[in-house]
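First comes the structure, then the notes that go with it.
Please treat every number below as a calculation from the coordinates, not as lab data. Just so it is clear, the model here is predicted, and its values are computed rather than measured. Virtual Cβ from ideal backbone geometry, glycine too; neighbours counted across all protein chains shown.
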């Protein structure tokens, strides 16, 4: 994309930064809180994220 990430509309995540180190640290300290179903939960999260983005944009597509 040719536009700066800081100008993107934030829906479910803040795309203005590359890595949220504080959030990653919290996940590493307590993975069961963030992925109670283990790997299956994480896979479902990956699949659900584009659907959430598409629904929140109202256009039916994830960008």
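Could you order peptides 23-33, 46-56 by the average number of other Cβ atoms within 10 Å of their residues, highest first?
Details: 23-33: 10.4, 46-56: 12.4.
Highest mean packing first, the order is 46-56, 23-33.
What's the FRET efficiency of residue 18 with residue 42 using the Cβ-Cβ distance as r and R₀ = 35 Å, to the nearest 0.05? Before the final figure, lay out the partial values.
Working: r = 20 Å, r/R0 = 0.57.
That gives a FRET efficiency of 0.95.
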